[in-house]
Amino acid sequence: MVLAYHKPYGVLCQFTPDQPGQRTLADFGFPAGVYPVGRLDMDSEGLLLLSDEPGFNHRLLDPSAGHRRTYQAQVEGLPDAAALGRLARGGLSIRGHRTLPCEARLPDPAPDWPPRDPPVRFRREIPTTWIELRLREGKNRQVRRMTAAVGYPTLRLIRTAIGTYPLGTLAPGAWVELNRGDLNRVFGR
């Protein structure tokens, strides 16, 4: 069984809290035996897969598989073509790792995500912009570190697709079981 879940902001991607009062995956009524495939940090939102299938984690996350993950990042400021080019070319040094080339663009039209609770910080003098990034790798807090490295700190981060399987209209906190066709999209087939 493989599940697609829309992880809300502030939820820890594990079933046991690190601290009292933390929201975890245990709060969302998942079937027994599933585990998260990959991670989204507590400050990030969006598509997370869970599975009870042995080896699914390896099949999806092994670096040789190079599956695509799509993120939309709301950043501080208005990134120019040079910043997007630096993101796309790869080679940014992130904690001793050189990033691989990726796709980086300003989505047009900009996404219209509902406001987050709590809201992202707002500064009247500094505009915010959404960037869309498609990566084939996934290091800890990589998108946040990449946007900061080119001068545009991430305020909000949402994973919108894994492979070609989209988050779509799945509501925050909701989950669905994937069928064979959905799994083909996860693996980009």
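Bear in mind these aren't lab numbers, they're just calculated from the coordinates by the rules spelled out. From a predicted model like this one, the values you see are computed outputs, not experimental measurements. Backbone-built Cβ (ideal geometry, glycine too); neighbour counts: all protein chains shown.
Rank by packing, highest mean first: peptides 162-168, 60-66, with packing defined as the count of other Cβ atoms within 10 Å averaged across residues.
Numbers: 162-168: 17.7, 60-66: 11.6.
Per-residue mean Cβ counts within 10 Å order the peptides as 162-168, 60-66.
Relative contact order for segment 68-162: what percent, with Cα pairs under 8 Å and sequence separation of 6 or more?
It comes to 51 percent, rounded to a whole number.
Where does the chain land at 222 nm, in deg cm²/dmol rounded to the nearest 500, when only DSSP H runs of n ≥ 4 count, each adding -39500 (n - 2.57), divided by all residues?
Result for the chain, helices only: -4000 deg cm²/dmol.
Counting C-alpha atoms alone, how compact is segment 9-127: give Rg to one decimal and Dmax as a whole number, in angstrom.
Considering segment 9-127 through its Cα atoms, Rg and Dmax are 17.5, 51 Å.
So for segment 68-162, Kirkwood radius off the Cα pairs, Stokes-Einstein at 4 °C and 1.567 mPa s: how many µm² s⁻¹?
This corresponds to a translational diffusion coefficient of 96 µm²/s.
Ordered by packing density, taken as the mean number of other Cβ atoms within 10 Å over each peptide's residues, highest first, how do 84-96, 117-129, 46-58, 142-154 rank?
Ranking the peptides 84-96, 117-129, 46-58, 142-154 by packing returns 142-154, 46-58, 84-96, 117-129.
Suppose a student asked you for the relative contact order of the chain, using Cα pairs under 8 Å spaced at least 6 residues apart; what percent would you report?
RCO, the chain: 31 percent.
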